[in-house]
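The values are calculated or read from the model by the stated rules, or taken from the named source; none is laboratory data. Treat the numbers as computed from the prediction; the structure is a model and nothing was measured. A quick note on method: Cβ atoms are made from the backbone with ideal geometry, for glycine too, and the neighbour counts reach across all protein chains shown.
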Amino acid sequence: MTTATEISDREIIAALQGGLPLVAKPYAEVAARLGMGEDDLIRRLQAMKDQGVIRRIAAAPNHYKLGMVANGMTVWDVDDASIAELGARVGALPYVTHCYERPRAPDAGWRYNLFAMVHGSTREEVEAKRAEIAALLGDACRSHSILYSKRILKKTGLRLRKRG
Amino acid sequence: MLDDTSRALINRLQDDLPMDSRPFAAVGRELGLSEDEVIARIKEMKEAGAVTRFGPFFDAAAMGGAFCLCAMEVPPERFEEVMTEVNAFPEVAHNYERDHALSMWFVLATETPEGIADTAARIERETGLPVLCFPKLQEFFIGFRVTA
């Protein structure tokens, strides 16, 4: 006899990593597969959300299919003393979807430490946004570049390795 | 192309789904659509490739795991072969080709922080190419939305 308390978060994640079933009562279907009650599963998922294990239950769109065909990863060599302040300002721009400070890789000739992802329907649109970011960073930025995506090679959610 | 109803739906669905026994009915009420129509449209968008995945987004870090952006300089003549080798790793969550000497950019998601270096080393052995790791030091934006 399996009870809900014996079902681990790991088993719940494994059951949902391929996505939520597209049926009227998706949690009931997953709960039945796991051998637990629907209410128990919903409670457990809510707890996982509260802990931050689940960020959200949502759709991952394909930008290309939505007409956002230009996707540029802009990268910037920003003065370390200013990066916290300037990174926050770049991250707050409405067209920047991801913005991170990352380590430089000088041995590989990679001097950029600020990454900001910019999406648009044309390259001209992305270039205009890049110019705005350059103006915002001003003298604190020594050099920058933009890497356009050519192709999505893989896009899946988190996959757990099989155990045992 | 998506019609206005599907655009409204995909904009809504990039935000969190309510924790409801019948979540599609709840979203339908917000948008003036029936539960059946919400489900049918999500299926249609998945089949058309406009939605690549629908479900929970797990945070590897909150589960004790880690994410890391990595890049490789792949010789053009080996690109397809290396892509197949890299994509075969279940730890590779996303992989993009970009127009730069560093032509392959992928995200590793592993169950432990040590898993990143270990997986990067295994990819280096498998492909014979160096893997550069760019872990995030600071995040300046949380969330990810595009307007359809």
Among the residues that make up the range A:114-133, is at least one of them in contact (Cβ under 8 Å) with a residue 12 or more places away in the chain, polar (S, T, N, Q) and either assigned to a helix (DSSP H, G or I) or surrounded by 15 or more Cβ atoms within 10 Å (Cβ to Cβ) (or both)? no
Which residue pairs have Cβ atoms closer than 8 Å, lie 6 or more positions apart in sequence or on different chains, and pair a first residue in the range B:106-123 that is within 12 Å of chain A (Cβ to nearest Cβ) with a second residue that is of a type in the set (F, W, Y) and surrounded by 21 or more Cβ atoms within 10 Å (Cβ to Cβ)? B:F106/B:Y96
Confirm whether B:N95 is within 30 Å of B:L2 (Cα to Cα) and in contact with a Phe, Trp or Tyr (Cβ under 6 Å, 6 or more places away or on another chain). yes
Of all helices (runs of 4 or more DSSP H) fully inside the range A:1-106, the set with 2 or more residues that are within 22 Å of B:F58 (Cα to Cα) and facing another protein chain (nearest Cβ under 9 Å) is A:9-16, A:26-34, A:38-51
Quick one: count up the residues across the range B:49-68 that are surrounded by fewer than 20 Cβ atoms within 10 Å (Cβ to Cβ) and at the interface with another protein chain (Cβ under 7 Å from one of its Cβ atoms). 6
The range B:26-136: strands (runs of 3 or more DSSP E) wholly inside it with 1 or more residues that are at positive phi are B:51-58
So which of B:A117, B:A88 ends up being farther than 19 Å from A:L153 by Cα and not assigned by TED's automatic domain parsing to the domain that holds B:L9? B:A117
Among the numbered criteria (1) in contact with a Phe, Trp or Tyr (Cβ under 9 Å, 6 or more places away or on another chain); (2) surrounded by fewer than 17 Cβ atoms within 10 Å (Cβ to Cβ); (3) assigned by TED's automatic domain parsing to the domain that holds A:C141, which one does A:V78 miss? (2)
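A quick yes/no check of all residues on (1) under 30 Å from A:Y27 (Cβ atoms); (2) of a type in the set (F, W, Y); (3) touching a helix residue (DSSP H, G or I) at 6+ places or on another chain (Cβ under 6 Å):
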| site | (1), (2), (3) |
| --- | --- |
| B:A60 | yes, no, no |
| B:M63 | yes, no, no |
| B:W105 | no, yes, no |
| B:E114 | no, no, no |
| B:R122 | no, no, no |
| B:R125 | no, no, no |
What do you reckon, is B:A50 more than 18 Å from B:A120 (Cα to Cα), under 17 Å from the mean Cα position of the chain (by Cα) and not basic (K, R)? yes
Would you check if there is a residue in the range A:93-108 being hydroxyl-bearing (S, T, Y), within 29 Å of B:S6 (Cβ to Cβ) and either in the same structural domain as A:E11 (by TED's automatic domain parsing) or surrounded by 13 or more Cβ atoms within 10 Å (Cβ to Cβ) (or both)? yes
Residues of the range B:57-78 classified as within 17 Å of A:L147 (Cα to Cα) and among the small types (G, A, S), total: 1
